[in-house]
Amino acid sequence: MNLSSHNAAVPGDMPHECPSSSQHFPKVKKEEPDDSFTFDEPAQKKQRTTNAAQGRPIKLKSGNSCVEDIEMNWDPIQVLAEKTGVEQWVCANIAQLFQEENTIPFMVRYRKELINHMDADAVRDVQLTLEELRSVAKKSKSVSQTLKKEGVLTSELEMALKNCTTAGDIDHVYAPYKKGSKLSKARRAKELGLEPVALTLLQAPQTLDLHSSIQPNTKGLSTLDEVTTGVQEILTDMIAKDKETLTHVQSWCDRSAVTIHSSVSKTALKEQQPQQGNQKSKPKDIAKFSLYTDFTCDVQRIQHYQTLAINRGENLKILTVKVNVPDWVKNDFCRWCINVRWRPQGFAQPELMTILKNAIEDSYRRFILPFLSRGYRTKLTTSAEKESIAMFVRNLRQRLLMCPVRGRVIMGVDPGFHHGCKIAILSPTSQILHTDVAYLHGPAKHKEAENLRHLINFFFFFNSCQTIVIGNGKACRETEAFFTDLIKQRFFKPLDVSYCITDEAGASIYSVSPEAVKEMPGMDPNLRSAVSIGRRVQDPLAELIKIDPKHIGIGTYQHDVSQSLLRAALDGVVQECVSFVGVDINICSETLMRHIAGLNAGRARSIMEWKEKNGPFLNREQLKLVKGLGPKSFQQCAGFIRINPETVRRLTTQANGEKEKKKVKGSGSASNQFNPLDQTCIHPESYSIALRFLSQIGGNLDQMGSAVLRQSIESSVKSRGLDVLAKSLDTTPETLQLIVDGLTQPPGFDIRQDFEQADFKREIVSMSDLHDGMVLTGRVTNTALFGAFVDIGVGRSGLIPKRFITPDKLPVDQRRRSLALGPGERVEVRVMNVDLQRNRITLDLIRVLR
């Protein structure tokens with residue numbers, strides 16, 4: 001997801017993975033809006049780098065050794081470039097970097113020149129495509145070995161398998177030979193010795209005499225009809241497996257109006273009828289798929305969410321789906337086969353031409369048409385899954401990178417009716433000050449409300465608590481009304497108290513997890529939910545990474561896409577967000593630590609054990625002393641780990657003398673001195689360059705983050721140019737830009753500080769207050785492939801249908817092919833329709849607020 005400027009602070013679209021304190025060099029090429037859809041282009045559009053300003057080929061020295069395991073008749077790097085739309089030299093570099101066990105965050109931040117400034121999503125797309133190609137090569141080899149053991153592998157068949165570029169192509173070639181399947185008619189005919197007869201019909205038909213092949217005592221050869229049928233079956237099989245034939249028919253289909261049609265299945269209709277006796281089977285819920293009970297759409301224009309909905313209906317046996325290819329394709333195909341591709345090389349008798357014509361028609365009906373249908377369904381499903389996963393990724397990134405609310409005492413409220421409202425008071429550092437339960441909406445609500453008033457009064461006044469965070473679950477509106485009433489009565493005067501509503505999805509699941517039990521032992525799970533709700537506003541990233549991304553309430557159709565691809569993509573996004581934000585290694589939790597690039601659960605545990613034994617880390621070099629953290633792991637994680645001097649001083653002061661001695665003893669050969677560069681995004685491998693750069697401009701490490709140093713650096717870059725400076729330091733402009741950012745950013749810099757923050761309010765609005773044409777501001781809570789849901793403060797999210805999200809209403813950097821809104825973004829909307837009976841609000845997007 002490329003941006004035109006780092007100043008566009010939208011968390012889902014991190015320019016070069018994070019905003020910079022200075023102008024980035026060079027700028028990334030903007031994506032051109034393209035609403036058209038073709039199967040030849042990847043689902044995520046597209047990181048083409050051919051004309052990019054920074055597209056300087058910088059190739060690694062190892063050549064193509066990274067793809068030597070892909071032994072096929074095609075060039076893996078070339079096919080990878082074609083499938084992803086990325087230049088070949090970039091694909092080769094990315095493949096080599098993955099071969100060397102580099103992580104995506106490390107590549108995106110510290111190897112920009114090798115990947116042509118691609119973003120994390122683009123690199124991940126290349127990675128997944130490369131894995132698909134490896135899987136195809138592995139499957140091709142496995143099938144070849146199986147066929148060889150069975151004694152049916154020929155050089156032509158082996159060549160056909162090595163020419164396949166997709167798993168579907170391999171399945172098509174392998175289908176007649178698959179073990180356990182019924183022996184195909186063509187194979188039976190070949191075993192009877194009719195293959196030379198079929199070849200003679202094509203190569204020398206004037207010499208062919210079918211009667212000579214009749215063997216009265218052999219089944220399958222006893223009559224002329226049986227011989228004719230056998231020859232026809234062999235020709236049918238040959239035509240169906242011919243690559244040139246399949247390519248031609250596919251090109252005709254691409255130029256025609258191929259449609260996909262869904263209708264109610266016979267099974268669903270039968271179950272709708274009243275049945276006597278058996279009442280166990282529940283009738284299919286056809287109403288949920290009312291839009292698709294008689295649905296027809298061109299395969300080039302069908303929307304991704306429609307594809308996933310049809311697939312779901314088909315899996316539930318509610319819908320029947322069929323791909324319709326125009327009849328003219330069959331007619332043209334048959335004429336082309338008879339007159340061009342499969343035309344006999346000599347005069348053929350009418351009865352032989354009849355065999356050939358029947359074979360062509362039979363091949364189209366039995367093999368080629370189903371092959372085309374499977375191909376279209378596979379391509380539609382694959383494209384829809386990729387787009388849906390891309391939506392999940394974008395939504396999760398924006399949710400994780402919401403701006404934290406620092407320095408406030410917060411009251412987290414998990415609302416409820418029968419079980420009461422669970423309350424947790426949290427310190428500015430997320431420590432639990434108090435927990436309680438208040439029954440605000442039950443029979444004893446008046447007494448409880450009075451007790452809560454006193455409790456709130458105590459904590460608000462003595463702990464400066466001016467912020468309330470309410471979960472958006474059951475009883476949310478009633479709880480919101482209670483606090484709004486207190487604010488209106490100026491109950492908290494002179495404090496300026498405000499509240500916000502936050503998504504509580506996954507809080508209940510987390511509250512009973514082993515991690516929550518370990519973190520808050522002995523606490524009621526319901527109270528843990530209130531703690532989680534409050535912390536989601538204090539530090540969304542640190543809290544939400546404790547929850548399975550699928551339970552955070554982002555995206556749609558999560559159960560209809562490949563679970564392995566979804567899990568890999570979401571785990572990758574969590575790792576990127578944690579790494580790009582950076583973590584203070586001395587205070588972060590073990591859960592957060594294991595998501596840093598280069599680390600895992602075992603290494604994170606080893607780091608925690610080292611800290612418990614030796615005290616806080618004084619510098620990044622001490623990470624090398626941790627058991628199990630080798631040179632490669634250190635290289636990948638070091639740049640994303642921060643050593644905050646204030647944290648070190650505080651923890652050192654709290655430590656006792658014995659622990660201090662252990663700390664020094666455990667330091668080994670590593671230095672015990674604090675390095676100011678350890679609190680920046682600059683990688684240790686570039687420290688010497690950073691020091692030489694400071695020497696060139698007359699600066700020093702004590703000036704880091706100051707206005708004086710910033711002015712000095714900007715003056716030097718402006719006068720000499722980044723390229724010239726980089727060359728004088730024997731480094732790349734990309735590395736020098738990162739050094740400039742690290743030296744000029746203030747201490748404690750957080751890339752989330754300019755991103756969207758929770759909306760705080762003091763009054764309530766209801767749906768009855770809305771009317772058509774009203775203009776409001778709101779915040780996107782979730783996006784789907786059919787539109788975006790927006791919280792406009794009435795207790796019910798409104799929907800902006802996809803047709804209203806047009807490029808002219810979006811910032812330039814968000815005008816992309818997929819839906820361009822994500823959770824957390826503030827928007828201005830117009831009310832189009834309010835349906836009180838169905839509790840639905842339809843909105844029109846006016847603009848995105850920045």
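The values are calculated or read from the model by the stated rules, or taken from the named source; none is laboratory data. Not measured: the values here are computed from a predicted model. All Cβ positions, glycine included, derive from the backbone under ideal geometry; neighbour counts span all protein chains shown. What goes into the accessible areas is simple: the full protein's heavy atoms, side chains included, and nothing from ligands, DNA or RNA. Shrake-Rupley method; radii C 1.70, N 1.55, O 1.52, S 1.80 Å.
Couple of notes before you dig in:
- Test: residue in the stretch 342-349 that is free of Cβ contacts under 8 Å to residues at least 60 places away in the same chain, open to solvent by 10 Å² or more (accessible area, probe 1.4 Å) and not assigned by the TED database to the domain that holds E825: yes
- Of all the residues in the stretch 782-811, those that are among the aliphatic types (A, V, I, L, M), in a strand (DSSP E or B) and open to solvent by less than 20 Å² (accessible area, probe 1.4 Å) number 4.
- Filter pass, V108 being of a type outside the set (K, R), out of contact with any Pro (no Cβ under 8 Å at 6 or more places or on another chain), under 22 Å from V574 (Cα atoms) and in contact (Cβ under 8 Å) with a residue 60 or more places away in the chain: yes
- Per the listing E478, E543, the residue uniquely among the acidic types (D, E), assigned to a helix (DSSP H, G or I), crowded, with 18+ Cβ neighbours inside 10 Å and touching a Phe, Trp or Tyr at 6+ places or on another chain (Cβ under 9 Å) is E543.
- Criterion applied to D769, D723, D754 was being surrounded by fewer than 18 Cβ atoms within 10 Å (Cβ to Cβ) and more than 37 Å from the chain's Cα centre (by Cα), and the one residue passing it is D769.
- In the stretch 190-302, counting only helices (runs of 4 or more DSSP H) that sit wholly within it, the ones holding 2 or more residues that are open to solvent by less than 40 Å² (accessible area, probe 1.4 Å) and free of Cβ contacts under 8 Å to residues at least 60 places away in the same chain span 195-203, 224-241.
- Scope the stretch 486-521; condition assigned to a helix (DSSP H, G or I), open to solvent by 70 Å² or more (accessible area, probe 1.4 Å) and acidic (D, E); matching residues: E519
- In the stretch 684-698, residue farthest from the chain's Cα centre (by Cα) [restricted to those that are free of Cβ contacts under 8 Å to residues at least 24 places away in the same chain and farther than 21 Å from N619 by Cα]: G698
- Checking each residue in the stretch 381-412 for being surrounded by fewer than 22 Cβ atoms within 10 Å (Cβ to Cβ) and basic (K, R) picks out K386, R406, R408.
- In the stretch 815-850, the residues that are modelled with pLDDT under 85, within 24 Å of I302 (Cβ to Cβ) and not small (G, A, S): R815, R816, R817, L819, L821
- Check on V648, at pLDDT below 90 and open to solvent by less than 40 Å² (accessible area, probe 1.4 Å): yes
- Flag: V173 does not match the condition of being assigned to a loop (DSSP other than H, G, I, E, B), at pLDDT below 90 and of a type in the set (A, V, I, L, M).
- Residue match in the stretch 614-630 (condition: charged (D, E, K, R), open to solvent by 10 Å² or more (accessible area, probe 1.4 Å) and under 16 Å from K546 (Cα atoms)): no
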